[in-house]
Amino acid sequence: MDQLIILLPTLPLLSALLTHLSAPLLGNQAIRISLTSGVLTLLLAAVLLGFALSGQTAQWHDSGSAWGSLLFDPLSVLMSLVIAGISLIVRLYSVRYMVEEKGYVRFFVLLDLMTAALLVMVAAGDLITLLIAWHLIGVLLYFLLGHDMRSTAAYRYGFWTFITYRLGDLPLILAAVVLFHTYETWSLPLIFERMAANPAALTFFNIPVAEAVGALVAMAAFARSAQFLLHTWLPYTMEGPTPVSALMHAGIVNAGGFLINRFAPVYVHTDGVLHWVFIVGLITAVIGSVLMLSQNDIKKSLGYSTMGQMGFMIMECGVGAFSLAVFHLIAHGLFKGTLFLGTGGVINEARHNDGVPKDDLYTFIVERKPPTNRQPWLIMAIITLAVPVLVLVLSHLWVAPDLFHKQGAIVLLFFGWVTGAQLLFSTYHMSSQNPWRLFTLIIFSFTVVVIGYTLISHMFDVFLYPDPAFAKQLYAAAGIDVGWFDVLIGLITAIIVLGWLRAYYAERSTKQRKTQHGGWWMDFYALISREFYVIDLYAWLTRHLLATSARLNTWLKWG
Amino acid sequence: MYELIALITIFFLPLFPFSILFNALFERLPDLRLRGLLLLIWPQIGLGLLHFTSANVNLPLAWVTLWAMLTATLYAFRLLALREMNRWISLLATSSWALLWIPALNGEETLTLHLSAFWFSAPLVLLALLAMALQQRFGAAYTGLYTGLATYLPRFSGILVFTVLAVTATPLFPAFFVMLGILLQSEPMIALGLVIVWLLWSWAGARLLQSLLVGQPNNPSDEITDFSAPLTWRYTVLLTGLAISGMYLTGVSA
């Protein structure tokens, strides 16, 4: 078993070396080594996951020194399989996509190194190994995004990613230092064990260790998972090769969710940190989604969609649903990877068919199709609001009835309801000749998705956190006072329902040509179109920092 | 007597404004071998002097640590806008050596301290060699004068990338472990300053690489030749050796 654990990150590392060394001899054919290694890594990861599923207990492989240890536990093997899978798909896609690019072999070498770094990160058994992998991922991504050495734009945006990642490294380093100072070991299992034995330990300024480390780890996760204010790099890194975008959006950006899960034994001892995690996730989810809707560039729109999804993932951690966040990151990784790899095809299709819906009059007179019709809005509104609740409640009652005792689950169900209702609301908007058929299909799809999501997330919970007491502790750490909880849920419900009513009346006004956009509405639009001026602020800050640095150099030119 | 030696130490483990001496000296040395030697020996002299005086002079620990931290931050910040590569090297050396005060004042073992100084200096010597290679090819080692080196000097560019990663304390190079060791001996606010210095190094490193390697080549000429294969291998072996020895010899206690 030990050998298999070590072999997993060693395979892509060895492949990188061999691919690079054999390139002068084999030319572009050297990438076959990388592909073979990708297949072997995936198989090995599947075997390890098989061991974990068959009940093999968690193992810690000690390298014999302060660092270099690897951990075999459900989280690491599950993430390894995801990384190996996505990495192989990206490599296979790149075989033809990148063939005309300069540095074809170098690209595969970098992909191999990135895979190795990601595998080491998820399997790191000590803090130093985790820090090394965490840091190297940022560096490798910088060079992958800037694969085209002639493109200054690719490097400029690659640099944004690099510097945000470096910024995110810093809190993780500080967390590692605090943990080492307190528990006198780098080993993660030992740290968690000692923390469980003494959860009230204090660190600098008499802050509880768990709170300090929890906050620092969360900050590191925020930078890696593009949370609001640390998100600017994500939608702007589209100058890099498409396979890198796919790898980044499907895998690397999810590292924040992984990190919070890795430190779950710390979060069970925290009091208020998860609330802040939830708030940051919520803000990111809302802002990411709003910005996504206002884009007209498919890749940038996907970038903001990822930001919104990362917000949801972090939010799930914030409500204590850690295993759900892992499921979310895997599901998101798969569908976002597919979307990115398909963007080229979509753009190509759009060149031939603009996809703009035709006018009703045109379809009726020219295409001789009957006009589309809509159902009475009251019936549709009732269906829109009631069906998602019914589907969500029944599916959760079926899987885990006790879920309704957890605040986190209620919050997620609430979001499920909003999403479901939004979906049906959008369906109502879609003019169709057979609206009931369309509605039935949408509701059926929604039911399948909800049942699948509920079942799979329940299985993830059992697999990743088999101790029910521990899972309960996580929810408890994220919980707030019941009175406040009810007030907040009521408030958010009111805001959303009011928003829907506003949208409905806005649409009616548009139809009746009564639309008069107020000044505040245009201001809001300007704010969104300038992406909340965050990028402008950073650009201004950077310019001034560089100017100050230059001024200092002039003043101190003598030394 | 001991106080005087302690004062002289400040020149060798440079603290601003006494750091001016090293930077001026480094800039004025015409010979590359002397520059390399200076990079290797300068902090070792400082550590030797500090070791000699430490038993007899009571340095105000908190103040010197803060002074060292501010010096390191100042020089790291100045790196951001620097375009002359030799100056870049001397400022980074000053920034990193200033940090050695922290473990030195916290009673770190003498051998570990000397090794730490060496791990900071050794990649800087390699970078000085690369700066010389640029001077020989273009007449000056200056960023922004010529771009797109990666396109027509790929071997040189590859070595430059790894060397810059080494000097900016990227894992698995030894400076990374040295920085981790210093962080372990720092007070919380000093640790915060340290990670900011580290961030500034990375920022400056990325700017240096970008301004030299990326973009359309604006000065391609047949007379400008890339590193030969044997020379590239020599650099590769040196960098690999640096990384491997750093992994084994730098002390991050278990």
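Key figures
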item	result
Rounded Å value of the spacing that divides the Cα centres of the range A:137-159 and the range A:246-315	23
Around A:V39: net Lys/Arg minus Asp/Glu count, Cβ-Cβ under 14 Å	+1
Around A:N553: net Lys/Arg minus Asp/Glu count, Cβ-Cβ under 15 Å	+4
Solvent accessible area, Å² - B:T225, 1.4 Å probe, full protein context	80
Qualifying aspartates and glutamates (Cα of each under 16 Å from Cα of A:K300; at least 8 residues distant if same chain)	A:E239, A:E531
Helix-only CD estimate at 222 nm, as mean residue ellipticity for chain B, using -39500 (n - 2.57) per DSSP H run (n ≥ 4)	-24000 deg cm²/dmol
Exposed-site-free run, longest, chain A (rule: trypsin sites (Lys or Arg not before Pro); DSSP loop; at most 11 other C-beta within 10 Å)	A:1-357
Where Rh is the Kirkwood radius over Cα pairs, Rg/Rh for the range B:39-95	1.08
Chain A: Rg to Rh, with Rh as the Kirkwood radius over Cα pairs	0.98
Exposed-loop-free span, longest in chain A, where GluC sites (Glu not before Pro) count as exposed if DSSP calls them loop and at most 12 other C-beta atoms lie within 10 Å	A:368-559
Modelled FRET efficiency - R0 51 Å, A:L293 with B:Y248, Cβ distances, 0.05 increments	0.45
Value of [θ]222 nm, deg cm²/dmol, for chain A, DSSP H segments ≥ 4, -39500 (n - 2.57) each, nearest 500	-25500 deg cm²/dmol
Separation between Cα centres of the range B:71-88 and the range A:442-514, rounded to whole Å	51
Per-residue SASA entry for A:Y236, accessible area with 1.4 Å probe, Å² rounded to 10	40
Selected from B:A175, B:A140, B:A98 as most flexible by GNM, with chain B as the system and alpha-carbon contacts under 10 Å	B:A140
Accessible-area order (highest first, 1.4 angstrom probe) of the listed residues A:I298, A:I496, A:I528	A:I298, A:I496, A:I528
Distance (nanometres) between label positions extended 7 Å along Cα→Cβ at A:Q422 and A:I410	2.2
Cβ-based net charge around B:L126, under 15 Å, with every Lys or Arg adding one and every Asp or Glu removing one	+4
Alpha carbon centroid spacing (whole Å) that separates the range A:101-128 from the range A:21-41	15
P(r) of chain B over all Cα-Cα pairs, binned every 10 Å from zero, in whole percent	7, 32, 36, 18, 6, 1, 0
Under Karplus coefficients 6.51, -1.76 and 1.60, residue-wise ³J(HN,Hα) of the range A:20-29 in Hz, glycine/proline x	5, 5, 8, 4, x, 8, 9, x, 5, 5
Chain B: angle of helix B:2-12 to the longest principal axis, Cα-based, in degrees nearest 10	20
Additional length obtainable on full extension of the chain from A:F335 to A:L441, 0.36 nm per residue less Cα span	36.1 nm
Cα→Cβ-extended label distance, 7 Å offset, between A:I456 and B:F52, nm	7.0
A:R551 versus A:A526: modelled label distance in nm, points set 7 Å from Cα along the beta carbon direction	2.9
Inter-chain Cβ neighbour average for residues A:550-559, partner chain, 10 Å	6
Kirkwood-type radius of the range A:1-125, with distances r between different C-alpha atoms, in Å	14.8
Residue-level accessible surface for B:T110, protein heavy atoms, 1.4 Å, Å²	50
Gain in span if fully extended, A:V393 to A:K472, counting 0.36 nm per residue against the direct Cα distance	26.4 nm
Set of the range A:22-62 residues, backbone N closer than 17 Å to the point 7 Å along the Cα-Cβ line of A:D2	A:57-62
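The values are calculated or read from the model by the stated rules, or taken from the named source; none is laboratory data. All of these numbers come straight from a predicted model, not from anything done at the bench. Glycine gets a Cβ as well: all are built from the backbone with ideal geometry, and neighbour counts include every protein chain shown. For the accessible areas, the whole protein counts, side chains as well, though only heavy atoms, and no ligand, DNA or RNA atoms are used. Shrake-Rupley method; radii C 1.70, N 1.55, O 1.52, S 1.80 Å.
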